[in-house]
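Report on the following structure.
The values are calculated or read from the model by the stated rules, or taken from the named source; none is laboratory data. Remember, it's a predicted structure, so these values are computed and weren't measured experimentally. Cβ placement follows ideal geometry from the backbone for every residue including glycine, while neighbour counts extend to all protein chains displayed. Calculation scope for accessible area: heavy atoms of the full protein, side chains included, ligands and nucleic acids excluded. Shrake-Rupley method; radii C 1.70, N 1.55, O 1.52, S 1.80 Å.
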Amino acid sequence: MPHIPLPEQLPGITGLLENRLDTAQPIRELTQLLLRGESTLSQGERELIAALVSSRNCTNFCEAAHTKAADLLLGDDVTARAVKQDIETAPVSEKMKALLQIAAFTQQSGKAVTPEAVARAREAGATDREIHDTVLITALFSLYNKYVDGLATVAPADPAYYQMLGERITSRGYVRPPGGYPVQTH
């Protein structure tokens, strides 16, 4: 049960964002820019970072949502699961493995990112912007994970919910629908 009153029909971060529209706007804009804006990393690769971080932070809602978004964008349901189990054996490029390792280090602590990890990413072809964005996406999702878990939001158990959410994320991105979300009336 959430620690504050939230709309029942809007689990996870969605209800929190609707609760504070003033703080939600910059959060949504930054997320849209980082995960859907121009980048040499694909949208699916950026969703993999979000799924990995949320998995390591044990935030069920975010992990399920971003795993499903990654699955849809990558066209398979194997890659995200493999990344979360073992980055080094996952079916991703060497550059992505190096960036995902940077994300894993950042998730532990920003100070855990080593010069060797950054050198590995550069040697695998990662640009400074890709390294920057990997760290920023990781930091942003760590914030989201703490936001969702710190206020004890609801995480639906039904996989169909995350299918719908993944489809919404991949088709609409992270912007609020015009007029917001439908309100349930009893």
Report every pair of residues separated by at least 6 positions or lying on different chains whose Cβ atoms are under 7 Å apart, first residue within the range 5-17 and assigned to a loop (DSSP other than H, G, I, E, B), second buried (at least 20 other Cβ atoms within 10 Å of the Cβ).
6/15; 6/16; 6/153; 7/15; 11/61; 11/153
Kindly check whether there is at least one residue in the range 121-130 that is modelled with pLDDT under 95 and at positive phi.
no
Looking only at the range 65-92, count every residue that is assigned to a helix (DSSP H, G or I) and either free of Cβ contacts under 8 Å to residues at least 12 places away in the same chain or surrounded by fewer than 24 Cβ atoms within 10 Å (Cβ to Cβ) (or both) and tell me the total.
12
Does the range 87-106 contain at least one residue that is touching a Gly at 6+ places or on another chain (Cβ under 7 Å) and either under 21 Å from residue 37 (Cβ atoms) or at pLDDT 95 or above (or both)?
yes
When residue 114 is run through (1) open to solvent by 60 Å² or more (accessible area, probe 1.4 Å); (2) over 16 Å from residue 42 (Cα atoms), the failure sits at (1)
Would you mind stating whether residue 25 is open to solvent by 60 Å² or more (accessible area, probe 1.4 Å) and not acidic (Asp, Glu)?
yes
Can you name the residue in the range 30-60 that is in contact (Cβ under 8 Å) with a residue 24 or more places away in the chain and of a type in the set (D, E, K, R) and is also most open to solvent (accessible area, probe 1.4 Å) among such residues?
56
